[in-house]
Structures are given as structure tokens and as C-alpha cells.
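The values are calculated or read from the model by the stated rules, or taken from the named source; none is laboratory data. Quick caveat, the model's predicted, so the values are computed rather than measured. Glycine gets a Cβ as well: all are built from the backbone with ideal geometry, and neighbour counts include every protein chain shown. Heavy atoms of the whole protein, side chains included, go into the accessibility calculation; ligands, DNA and RNA do not. Shrake-Rupley method; radii C 1.70, N 1.55, O 1.52, S 1.80 Å.
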Amino acid sequence: MALMDLYAPVYPLKGYAMSISAKDVLAAKKDLRPRDLPTRIVSDKYMFTSRLGDEIRITSIGEFSGWSTSPTPKVDEEFRHEAIRQFPQLEPFIKEAKTKCGHRPYVSDGILLLGRIHSFENLLVSCGPGSNGWKLAMGSGEIAERLVAGQTEDDISKELGFDAHAFSPAGRVLHAPTLTRLYRARWNV
């Protein structure tokens, strides 16, 4: 949006993840059976674990640390400690797994930006879910589809029973040419 002179309060929330091969675990630990490993999505207030084929993917923790995608040692240590607490049978594999970090777009007020940018005829945004992207994907996709199809936020609010205006980018996405020029210069865009 910076290329269109628009400022949106979206910041990089650094998320931590690691992947472990279920085949490697079962080959190395003969006392474990496939049912001893996560086979579906497991979630609690600290960790989110999913299984896709052979891959056991463990994710957690969000931190604001600028644009770095390198793990912060203390945070990585806490991430591994929590993963071992949840999956003690995977301890040696968790200790050896490479931690990967990536940015999750996070809106400063924690409320998804979802709706039309009224200063542009054909611009609709859905951004800033942070670590809730998977949780919000179906619902935000539904709202975006309805807006593209011509429904108004009032129509959506009445039909779905909540205030769709709450997600509106109006007043939160701003025309700010000077600020966006600075951002573009900073990030060589």
C-alpha cells in the first residue's frame, strides 16, 4: 500500500516454527508408535502444532524485533522448552530442530483491517491478523467475497449478526505520501 501513498498500521510480528520428521522419530525411537505422535492440530495457549504428511510442525511465540528473521536466543530457548513440555517424547528432536522465523503481519490495535479503501474504486484489504491468520481466514474470506460481490458492511452486519464495520480500514489506513516515501526509501521499494 505504500506504493499507493497509503499508510497502514501493520507491523512485523516475528513468529517461531520448527519441523520434525515423523519418519525420523519413529526410526530412531523404536518404543514409539505412530499414535504416540501428533496426528492432527494440537493447540493450547502457548503452542500450535499441526501434522502434514511426514512433517510435525510446531509454532509459537510472537515478538516484535524489527525486520530480523533470526531467532532471539532467549526466546528460542523458551520456545524449545515449551515444545518439550508439550511433547516430551520428541525432546531430542526438538533440541536438534532448526528454528525458522518469519513475519506475521500484525495490526497495531489487534483488529484485522478488512474492507474497502474508499479513496480507491477497486481496492479492498484483508491484512494484519498476526498469529490469528489461520483462525480468521475463513471468516475474513467470506466477508471479502461479500464485499466484492457488492454487499455493504451494513448488509453483512445484518445477515451475519455482528458489526462488520469494526474491521473497516476507514480511519486506520491513511493517505500519507510523505510517510510512505520515507518507508519506501528505508526498504528500497
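At a glance:
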{"read-out": "Set 115, 62, 110: member being without any contact (Cβ under 8 Å) to a residue 24 or more places away in the chain, open to solvent by less than 50 Å² (accessible area, probe 1.4 Å), out of contact with any Lys or Arg (no Cβ under 6 Å at 6 or more places or on another chain) and within 30 Å of residue 144 (Cα to Cα)", "value": "110"}
{"read-out": "First in region 144-169 and more than 16 Å from residue 124 (Cβ to Cβ) and hydroxyl-bearing (Ser, Thr, Tyr), second anywhere and part of a helix (DSSP H, G or I) and open to solvent by 20 Å² or more (accessible area, probe 1.4 Å), Cβ under 7 Å, 6 or more apart", "value": "157/165"}
{"read-out": "Test: residue in region 176-184 that is part of a loop (DSSP other than H, G, I, E, B) and of a type outside the set (Val, Ile, Thr)", "value": "yes"}
{"read-out": "Residue within region 75-88 that is in contact with a Phe, Trp or Tyr (Cβ under 7 Å, 6 or more places away or on another chain), at pLDDT below 90 and not acidic (Asp, Glu) present", "value": "no"}
{"read-out": "Residue list for region 1-44, restricted to those being within 30 Å of residue 189 (Cβ to Cβ), crowded, with 17+ Cβ neighbours inside 10 Å and of a type in the set (A, V, I, L, M)", "value": "1, 2, 6, 8, 10, 13, 17"}
{"read-out": "Residue, surrounded by the most Cβ atoms within 10 Å (Cβ to Cβ), within region 118-136, restricted to residues that are among the hydrophobic types (A, V, I, L, M, F, W, C) and within 18 Å of the chain's Cα centre (by Cα)", "value": "125"}
{"read-out": "Selected residue (criterion: farthest from residue 4 (Cα to Cα)) from residues of region 103-130 that are in contact with a Gly (Cβ under 6 Å, 6 or more places away or on another chain) and in a strand (DSSP E or B)", "value": "104"}
{"read-out": "Looking only at region 137-186, and only at residues there that are β-branched (Val, Ile, Thr) and open to solvent by 70 Å² or more (accessible area, probe 1.4 Å), the one that is farthest from the chain's Cα centre (by Cα)", "value": "178"}
{"read-out": "Candidates 69, 39, 59, 49, filtered to the one that is among the β-branched types (Val, Ile, Thr), within 30 Å of residue 123 (Cβ to Cβ) and touching a strand residue (DSSP E or B) at 6+ places or on another chain (Cβ under 9 Å)", "value": "69"}
